[in-house]
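First comes the structure, then the notes that go with it.
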Amino acid sequence: MTRETTDGGSVEEADVSTETDVEQDQPTVDDHIPDDETESETQLGVSENILGALAYFWGFVSGGALYIVEQKNPFVRFHAAQSLVLSAGLFAAVIGLMIFQLIVGFLLGDIPYLGFLISLGFGLLWLAFGFAMFLLYVYMMFSAFQGNEKRLPVIASIVDEYMT
């Protein structure tokens, strides 16, 4: 690159870009770290993502323990409260399904072939329900571990209204 001097001559100038100019254009690892240092801190000294995932690990137990222990981090408290409400709802659904199975089995279980089909149907229903619960808990654990505040439709509204 050539530029003119004040006395009319020309001076050749090299186009040198510094490393800092190049580094500023490229994203770094530090760009993904939140600016406020207390947001990811918990009272237990563990990352909020790990505690959010652990809230779903043992349902009532881990959700309740983390809800009681962690008083300051809203991310962990939300996942702990959502785990508690989710566990309570699923527990109620299991009890309701057991009562329904007992009534139907008692009323229709003695009829030949129909009793077998009812038993088989409830067995498959329990298998599907258990697998769906497992997948839901694994999904919520991974979601919390990735830092997402995944809100389950009915459960999150209960959490917002009563527990936070």
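A few points about this structure:
- Of Phe122, Phe78, Phe134, the sequence from fewest to most neighbouring Cβ atoms within 10 angstrom is Phe134, Phe122, Phe78.
- Placing +1 on the Cβ of every Lys and Arg and -1 on the Cβ of every Asp and Glu, with nothing else charged, gives the range 44-163 a dipole about its Cα centre of roughly 120 debye.
FYI, it's all coordinate maths here, none of it is from the lab. Being a predicted model, the structure only gives us computed values, none of them experimental. Quick reminder, even Gly has a Cβ in these numbers, built from the backbone with ideal geometry, and neighbours come from all protein chains shown.
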